[in-house]
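Following: one structure in structure tokens, then a few remarks.
The values are calculated or read from the model by the stated rules, or taken from the named source; none is laboratory data. Quantities reported herein were computed from a predicted structural model and do not represent experimental measurements. Using ideal geometry, Cβ is built from the backbone for each residue, glycine included, and neighbour counts are taken over all protein chains shown. To get the accessible areas, we keep the full protein, side chains included, count just its heavy atoms, and leave off ligands, DNA and RNA. Shrake-Rupley method; radii C 1.70, N 1.55, O 1.52, S 1.80 Å.
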Amino acid sequence: MTETTKLSYWYCNGCQRNLFHGEFRFNCTVCNNYDYCEQCAATLDPPHPHRMIRELAYGCEEGKETDVIDMATGIRVATALYWDRHCMGVRDVDKDNPSLYTDSYSWLTFKTVGDRSKNFGHGLRGLIEPRGYLGICAANRPEWMITDFACTTHNGLSIYFMGDIEKYGSIKQYDYVTIGPDDCLTIIYTSGSTGFPKGAMMSESTFRSAFPRWCLSSSIDQITFSYRPLAWTTDRDAIIATFFNGGRTGFSTGDPSRLMEELALVRPSSFGGPPSIWNKIYTEFKAALSLITLSHSPEVIETEEQHLLQQFSKLIPNRCKTISIGGAKASPVILNFMKRCFTHCTVIESYGISECGGITCDNDVGNALQYRLESIPDMGYTLDDKPFPRGELLVKTPHMFSGYINNPEETHAALTEDGFFRTGDVVELRTCHNVLPSLHVVDRKKNFFKLSQGQFVSPEFLQGIYIQSPFVHQIYIHGDLLADSVTAVIVLNQAYAQAFSLNHNLTPLDMNNPDPLFYGALLQDLRSIAEKESLRKHEIPSRIIIDFQPFTSENGLLTSSMKPCRHKLAAHYADRLKTTSITIEQQLKTIIETATGQSMSIDKEDNLFLANGGDSLSAVRLSRMIENDLGIPIPLNILFDPKMTLQQLTTLIQDPSQLSSLSQSLVPQLLNDADLDLNITIGKRKITSDCPSMIFITGTTGFVGAFLLAELLTVYRGECKFVCLVRCSSSTKALDCIRETMLFYQIWKDDYQDRIIALQGDLAKSCFELDNETYELLAREIDVIFHCGASVNFVLPYSQLCGPNVCGTREIIRFVTHMPSACIPIQYISTMSVLPPDVEKEISIEETSPDRLTSGYAQSKWVAEKLIVKASRCGLPVVIYRLGLICGDSRSGACNQNDLYTLLFDAMMRMGCYPETALHGDVNGLPVDFTVKTIVNLSKVQPDVYGNVYHVVNPNGEIGFEDVIQAMRSCGVEMKSVCGEEWRMKVKTIADENSRFESVREFLFDSAFRERRKVSSVEFSNAGCLSDFPSVDKVYMFRCVSFILDNIVHK
């Protein structure tokens, strides 16, 4: 480089002078932006304590910026603008021993690269016509890019071969070839991780669109390190972008064992790598840390961990300010490690595709991306998945390829009719309020495999989890149609494995016959990780294959882009992966017997569940066990189907697609049941007075029913009697059941028993299973009915709740119309659950549809209310009260022990924690005493007003979860905030240990903290029901929490 007086962007930290353009500087490999001039580097005493590397100083570019219209022009402009800068470099070879490398790089200038590209291009023209094909067969080196630039400027398609014809080109010159924007400029190859690589054709305009910055003046020292195959897009694009910005690229020697060494020599300004590189760094860190844990206290371990993080952070040079992970799905464990370790860098997770360019950065979707998801029902990924839609990602970007070369079939399969590209990636589309949507990759569609019981498994997801084990250096998760769980091929971290063996006095490691203690420790470690991550049973390796030989690109088990080559891994370990397994039917039999506690014959033809003593709790347990062990979620209505046999359930698990058709067949039944002929005759309306002599009330052993009975006993004093129907073994037991319930809720008075007529009976049975004489007497004497009885169960399917809730309501209607002379008015207690999610107003049930009601309870109450309204339209006097969330007594705090929120608060206090997301939520409930007081008051002050529908809800009484948690602390319970992952683990543990929480596990996971819908209560408010509304405040919540703690948690 010629001498100049032009100043560079750098100055000497020794003599404090500005360095000249073209002068060499000596840059510190540790200190940020610390340079010496050549004289200071040679003479300063003492010398700088860190290693310094000779680099070139340069200043602002001379020359006018030129509008670049195509790639070829861009190459020529960049060559002229940055002509005397370093452009491309290779590692030096030891002159005395060519088999060795030195710790230095030699650099070509932009002018040299430009001249060689020009000469080589002209030389090619003597051999190949423009638009001809040229192959480059070379490792990553400047000559690769020189050939690429030559082909670009002369429009020869580069597919990869190189010969030395520059000399010919320096003699014989040709005119440059004009390249049209739609002309095919180059071919980019896919990685081949799931099969043979395909060549994606790129037009000039498409390829150019990947480089938004062209030949702009900048003082930023942009340096790239190239080590990945240039046949792929990542490094090739990075080199061209660096070239256009006047930066330089250092090439790797191609030896993977020297990768980190050469990274330290080149010291790029940014560095990107596939998960395999970061996994290797993480496994080395984890193994080093695990060796410390074998012999030190937790305090020492924490200090040593920080020290190790500092040591490992030096693997990424201090000059590198951005690191990225891409090319395959990144494990959250690895991403977290990268952010903890490389704190001097910004960590980016990138996702792009050879055929389409970049798609997301840190999962965020850019504004230019057009995309949609397509369901994959066979694999269980659909747009209807909750909480977020999932499916295959289809995209359309400004960087779309033109098709696969010589492969029209694959091109047709990859593109939709409207031009969207099928990425082959299964993603989850997450959306939140006021936040841009984000795409989270689950796995490659081709990577998924199916196990014998029909569930699909994502191996990359599992590999990203099990990499946490200190035993694991590399892992390959395998499965096939004959296996009921996955198998793991593990390349051991030899340092940790040897230390473990030495610490336990084990024999030398043998991969074919490992020591049972070593094998058991490895398997247990994987199981512990699986439990921590809430994996299902089939996702836990039942068998491990141990190897010492790493997966590498040299042995073909990694692709050249360092991705696991799954089809080659499967072939390599084929003999060792062979296995046998028990049948699904045998597994199901064992699971059912465990869940119900009853033995069964495998040939039994009657119902597999009900015949074995199944109830709602064991149904939940069975459904969860089937999902955990066999991977298929079975709806409870399937288990309760009286025609479901073991063989039929086996078929459903083998072909889960049949489940959707079975689950969708319920709506016609609901409509049919709601349209049943009541076969009643409505006589005159029974005249009621302010002082009825006999009231019939159902549901008095339930929460609302018990308080309703207490309120009626208070309001109607004197001679009024209360007939209570109770399902139990005898009439004496019936009164005991009512007394025990009211005692628990602290509302029992001894004088009540003289006014309560407790009858043994069953709502769902004909005539309530009463004798004819009693039934006739009641039909004559009853003045009004408060029908509060129902089976409130959010687990059982419609088939199991139809009896008490639908048939019971039908029997009530028949009872009140039994006497032709006068029909009995009904005060009917319904629920807000009968309304679809988007309905808020107090509308008739006839204006709604059951197609979006998901729980058996909501479905059964919808049908029951339809029957009530049908009877009302025939003339039956009816008032409907739809209850929302009913909370504890405002006086004592007495709560429904089976309410979902009581269960939530109970669980929170037992565990001593709450999820951090809870603080954003609230509970919107109505105290039970006020609820029943309102119902009784409305029935009393409006005795002749029927047909009304009231939404009995709290319109403005929200209680923040923050107040709930404070109330728990005021009761002496220590409460701490935990992350969502830890909360789910604790809920899983308490549900496994305490059957009280087993059936509401999913609600406790996250449903409890979701925003609740707001519903209208206009009729309720207009009736004057909120005039004496009790305070729902911190004092009230303290009473409720105290009651739960004293009467439920500590009992």
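What the phi angles of the stretch 35-51 give under the Karplus curve with 6.51, -1.76 and 1.60, with θ = phi - 60°, is a coupling list of 10, 10, 6, 4, 5, 5, 4, 8, 10, 4, 9, x, x, 4, x, 10, 5 Hz, glycine and proline written as x. Between the C-alpha center of the stretch 743-785 and that of the stretch 841-884 there is a gap of 25 Å.
Between the alpha-carbon centres of the stretch 804-836 and the stretch 1032-1048 there is a gap of 35 Å.
Taking amide H as placed 1.01 Å from N in the peptide plane, R25 has its amide H under 5 Å from the amide H of E55, L56, A57, each at least 5 places away in sequence or on another chain. Pick out, from G520, L263, L373, the residue whose Cα sits farthest towards the positive end of the charge dipole of the chain, with +1 on the Cβ of Lys and Arg and -1 on the Cβ of Asp and Glu. After comparing all options, I get L263. In order along the stretch 305-310, the Karplus-derived 3J(HN,Hα) couplings, from 6.51 cos²θ - 1.76 cosθ + 1.60 at θ = phi - 60°, round to 5, 5, 5, 4, 4, 5 Hz, and Gly and Pro are given as x. Residues T989, T700, ordered by accessible area of protein heavy atoms at a 1.4 angstrom probe radius and largest first, appear as T989, T700. Packing, taken as the mean count of other beta carbons within 10 Å per residue, orders the peptides 29-36, 959-966, 814-821, 229-236 from highest to lowest as 229-236, 959-966, 814-821, 29-36. First compute the accessible area of the stretch 922-996 with a 1.4 Å probe, then give the percent of it belonging to carbon and sulfur atoms. Here carbon and sulfur together make up 40 percent of the probe-accessible area.
To test your reading of the geometry: what angle, between 0 and 90 degrees and rounded to tens, separates the Cα axis of helix 494-503 from the longest principal axis of the chain? Between helix and principal axis, roughly 60 degrees. Ligands, DNA and RNA excluded, the heavy atoms of L309 present near 10 Å² of accessible surface to a 1.4 Å solvent probe.
Could you work out what % of the accessible surface of the stretch 729-815 is carbon and sulfur, using a 1.4 angstrom probe and leaving DNA, RNA and ligands out of the count? Using a 1.4 Å probe with all protein chains present, the stretch 729-815 comes out at 47 percent carbon and sulfur. Using the 1.4 Å probe convention, the accessible area of the stretch 836-904 works out to 35 Å² per residue with neighbouring protein chains retained. Taking amide H positions as modeled 1.01 Å from N, with prolines and chain starts lacking one, the residues under 5 Å from F449 and 5 or more places away or on another chain are V457. One Cα centroid belongs to the stretch 261-290, the other to the stretch 187-227; the line between them spans 23 Å. Charged side chains reduced to their Cβ positions (Lys and Arg at +1, Asp and Glu at -1) give the stretch 304-378 a dipole of some 400 debye around its Cα centre.
How large is the helix-only mean residue ellipticity at 222 nm for the chain, computed as the sum of -39500 (n - 2.57) over DSSP H runs with n ≥ 4, divided by its residue count, in deg cm²/dmol to the nearest 500?
Taken over the chain, the calculation gives -10500 deg cm²/dmol.
Angle between the Cα long axis of helix 731-744 and the longest principal axis of the chain, 0 to 90 degrees, nearest 10? That helix lies at roughly 50 degrees to the long axis. Taking the accessible area of the stretch 289-380, probe 1.4 Å, and keeping the other protein chains in place, the carbon and sulfur fraction comes to 50%. Dipole check for the chain: with +1 at the C-beta of Lys and Arg, -1 at the C-beta of Asp and Glu, and the Cα centre as origin, the magnitude is about 620 Debye.
Average accessible surface for the stretch 337-449: 51 Å² per residue, computed with a 1.4 Å probe over protein heavy atoms with every protein chain in place.
I'd like to compare 768-778, 1040-1050: which one has the highest average count of other Cβ atoms within 10 Å, and what's the full order after that?
On the way: 768-778: 14.6, 1040-1050: 19.3.
Result, highest mean Cβ count within 10 Å first: 1040-1050, 768-778.
The listed residues R131, R319, R882, R984 rank as R131, R984, R319, R882 when sorted by accessible area, largest first, using a 1.4 Å probe. Measuring only protein heavy atoms, the 1.4 Å probe finds F449 accessible over about 20 Å². Rolling a 1.4 Å probe across the protein heavy atoms gives the stretch 686-797 an accessible surface of 46 Å² per residue.
When all protein chains stay in place and ligands, DNA and RNA are ignored, the 1.4 Å accessible-area order of Y519, Y101, largest first, is Y101, Y519.
Spread over its residues, the convex hull of the C-alpha atoms of the chain is 232 Å³ per residue.
Lysines near K314 by alpha-carbon distance under 26 Å, same-chain residues fewer than 8 away left out - which ones? Those lysines meeting the cut-off are K280, K286, K329, K339, K563. For R208, the solvent-accessible surface computed with a 1.4 Å probe is close to 60 Å², ligands and nucleic acids excluded. Annotation: aspartates and glutamates with alpha-carbon distance below 18 angstrom to K749 (same-chain offsets under eight excluded): E711, E719, D736, E740, D889, D929. Debye-formula intensities of the stretch 335-407, expressed as log10 I(q)/I(0) at q = 0.13, 0.18, 0.28 Å⁻¹, are -0.59, -0.91, -1.17 (one equal scatterer per alpha-carbon, no solvent). Here's the list of lysines a cross-link from K6 could span, going by alpha-carbon distance under 30 Å and ignoring same-chain residues fewer than 8 apart: K64, K111, K118, K321.
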